[in-house]
Amino acid sequence: MSDVAPRDFIRQIIHEDLESGKHDEIVTRFPPEPNGYLHVGHVMSICLNFGVGQETNGRTFLRFDDTNPGKEREEYVRAIEYDVHWLGFDWGERLTHASDYFDQIYSAAEKLVEMGVAYVDSLSADEIREHRGTLTEAGRNSPYRERSVDENLDLFRRMRKGEFADGEHVLRAKIDMASPNMNLRDPALYRIRHIDHQRTADKWCIYPMYDFAHTMSDAFEGITHSLCTLEFEDHRPLYDWFLDQLNPPHRPRQIEFSRLNLAYTITSKRKLNMLIDNGVVAGWDDPRMPTIAGMRRRGYPAAALREFVRRGGVTKKDKLIEMGVLENCIREQLGESAERRMGVLRPLKVVLTNYPEDKVEMMQAMNHPNNADLGTREMPFSRELWIEQDDFLEEAPRKFFRLKPGGEVRLRFGYIIRCDEVVRNAAGDVVELRCSYDPDTRSGTGSSDKKVKGTIHWVSATHGVRASVRLYDRLFTEPDPNSVEDFLSVLNPDSLETVDAILEPALRDLQQSQAVQFERLGYFCADSAEHTADAPVINRIVTLRDSWAKIERQAMSSSALS
């Protein structure tokens, strides 16, 4: 896999700007709001903004859009910083906040008032909404629109001093109430909020609106290319209007690209909060969440997320990408790096009746079949073993090459065994297999040319480590949960299954977040929050194969047709 991105339309624009001499240096920014955790959709923006900066030897700012203190928390700030670093990017000395520029933004707003293109409106929020009109009906001017410059300056300065209650006044741009673009119908620039800010405390009781603060922050930082998702395309005329009026020394250019939408997920912070509040998930970092924190805790490698973004591409067309694309990136990354181990998720006991009761052999096992440099390990082999329940069928079809009554199978790195007897409990359930082993068939000895078609994994019952293993799956049963009226109605009831597994002893030393492949089962990692050596908690990252592929293609095809 490669982190080098192809030259998409944004990179082509940037390349042309450098070639023509329009810019000597490219400056971009990633401007998250600290009102929640970053999600998979943000990965595209992070990789694009920081990637462009790296590729052109330019600069990229991490700028927090902290203009809404009622919803912002320091917890989110720290989480965002960690996520960006974890993805492999560094902002160096370029960590900024919209609040760093509050004085300059306020001065820019006063200048707009002095120019006669901004005014203080005293309509209520409901009245402003009523005057705004609709997509098919022009808006109406506020009765306060023609206040004099002096009156507007006086009111605006008194707003800053805290003389008015929340909602009593708002500063608006004077553009065009009949514009077909709703964003140009005298948008709000400042609102009154008597609430402390996490960085500026009680210095301000008025806060700039996002569009105004974002544009001015871009200009102050000398951003050359302001890269936004497509929902901001209709905001670009307003972005340019601010720049036209104020004519700052640096004029950034806004360019939009399509969001990265991943099937079977939602990225609305409001809806993600609902999942937490309703107890569907345990928090922002629940491994089923599409947050970067959740994906990291589940065990997704940062390189796999970067590769997923690269494969998704930067386009102008909205797209819903199959979950299988992301999961294949994960498999490819972990397939090269993850050491192999054995774990039994649903144990079924095997007793080797002809194996000495007190004997223990150490079997040599490769840590990686394609990388000898990762070495080998020893696995204890004893009379009593655990195998997967699925590896035994009493009434097996002809092409079932695992264990069955009278059938033989090879134990990986061990011996060939034969099933001689099936033991049941009082309810009739199979609880034990009594088998015999062939002592001449030990792997690697070459002492026997006996062949069998099936090989299964196992763990010594005497030496195995008990662990709680969490089997994660997709959180929703519909590819596009946002298209359903009640997204909670399409939750996947099987998104989490917890099993009491038994692992080979080498996994006792598994460190938090360390990933391994359980042979024949999938990729797993030690939970970064709850795993300990004494009480192992293991998360399934991804299965070895995409069992959803056919279902997903059919579902997405049906969704597209409808």
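Read the figures in this text as sums done on the coordinates, not as results from a lab. Computed from a predicted structure; not experimentally measured. Glycine also receives a Cβ, built like all others from the backbone with ideal geometry; neighbour counts cover every protein chain displayed.
For the pair GLU394 and ARG94, how long in nm is the line joining their label points, each one 7 Å along Cα→Cβ?
Label at GLU394, label at ARG94, 6.7 nm between them.
Helix-only estimate, please: 222 nm mean residue ellipticity of the chain, summing -39500 (n - 2.57) across DSSP H runs of length 4 or more and dividing by its residues, to the nearest 500.
When only DSSP H runs of four or more count, the value is -8000 deg cm²/dmol.
Pulled fully out, how much extra length does the chain show between GLU146 and HIS194, if you take 0.36 nm times their separation in residues and subtract their Cα-Cα distance?
Taking 0.36 nm per residue and subtracting the Cα distance, the gain is 14.6 nm.
I want to check the label-to-label distance for GLU233 and MET362. Put each point 7 Å from Cα in the C-beta direction and report it in nm to one decimal.
The two pseudo-label positions are separated by 6.5 nm.
At a Förster distance of 45 Å, what's the computed FRET efficiency of LEU374 paired with GLU81, Cβ-Cβ distance as r, to 0.05?
0.85
Let me know the Rg and Dmax you get for the stretch 1-150 when you use only its Cα atoms, in Å.
Rg and Dmax of the stretch 1-150, Cα atoms, are 20.5, 62 Å.
Straight-line reach from LYS349: which lysines have a Cα under 21 Å away, not including same-chain ones fewer than 8 places off?
Those lysines meeting the cut-off are LYS359, LYS404.
Say each of THR134 and ARG157 gets a label point 7 Å from the Cα, pointing the same way as Cα to Cβ; how far apart are those two points in nm?
4.3 nm
With r as the distance between the Cβ atoms of SER443 and GLN54 and R0 = 41 Å, compute the FRET efficiency 1/(1 + (r/R0)^6) and round to 0.05.
So, using R0 = 41 Å, E works out to roughly 0.30.
If you take every residue apart from PRO143 with its C-beta less than 12 Å away from the C-beta of PRO143, what net charge results, scoring Lys and Arg +1 and Asp and Glu -1? Could you put the intermediate results ahead of the total?
Values: positive: ARG140, ARG145, ARG147; negative: ASP121, GLU127, GLU146.
Spelling it out: positives minus negatives among the neighbours equals 0.
Answer rounded, prolate or oblate for the stretch 267-407, using the Cα gyration tensor with square roots of eigenvalues a ≥ b ≥ c: rounded when a/c is under 1.5, else prolate when a/b is larger than b/c, else oblate.
prolate
Rounded to the nearest 10 degrees, what's the angle between the helix 40-55 long axis and the longest principal axis of the chain, both from Cα atoms, 0 to 90?
Between the helix axis and the principal axis of the chain, the angle is about 80 degrees.
Post the alpha-carbon centroid distance, the stretch 101-123 to the stretch 213-261, in whole angstrom.
19 Å
Based on the alpha carbon coordinates of the stretch 9-257, what radius of gyration and maximum Cα-Cα distance (Dmax) apply, in Å?
Final numbers for Rg and Dmax: 18.7, 53 Å.
Straight-line reach from LYS319: which aspartates and glutamates fall under 12 Å, measuring Cα to Cα and dropping same-chain residues less than 8 apart?
The qualifying aspartates and glutamates are ASP480.
Mind computing the radius of gyration and Dmax over the alpha-carbon atoms of the chain? Å is fine for both.
Here Rg and the maximum Cα pair distance are 30.5, 101 Å.
If you place +1 on the Cβ of every Lys and Arg, -1 on the Cβ of every Asp and Glu, and leave all else neutral, what size is the dipole of the stretch 349-456 about its Cα centre, to the nearest 20 Debye?
Here the size comes out at about 380 debye.
At 0.36 nm per residue, and after removing the present C-alpha to C-alpha distance, how many nm does the segment from ASP202 to SER468 gain when stretched out fully?
Numbers: separation 266, 0.36 × 266 = 95.76 nm, distance 4.83 nm.
Residue separation times 0.36 nm, minus the Cα-Cα distance, leaves 90.9 nm.
When the expected Rg is taken as 2.2 N^0.38 Å, what fraction or multiple of it is the alpha-carbon Rg of the stretch 468-534? Display every interim value, and only then the final one.
Working: Rg = 15.7 Å, N = 67, 2.2 N^0.38 = 10.9 Å.
For the stretch 468-534, the normalised Cα radius of gyration is 1.44.
Considering lysine pairs in the stretch 9-257 that are 8 or more places apart or on different chains, how many have Cα atoms under 20 Å apart? Each step should come with its number before you reach the end.
Working: LYS71/LYS203; LYS111/LYS161; LYS111/LYS174; LYS161/LYS203.
Close lysine pairs found across the stretch 9-257: 4.
How about the stretch 169-209: which trypsin sites (Lys or Arg not before Pro) there lie in a loop by DSSP and see at most 14 other Cβ atoms within 10 Å?
Passing sites in the stretch 169-209 are LYS203.
When only alpha-carbon atoms count, how far does the stretch 86-193 stretch along each of its three principal axes, as whole angstroms with the largest first?
On the principal axes, the stretch 86-193 reaches 50, 36, 26 Å in Cα extent.
Divide the volume of the convex hull of the Cα atoms of the stretch 349-456 by its number of residues and quote the answer in cubic angstrom per residue.
It comes to 119 Å³ per residue, whole-number rounded.
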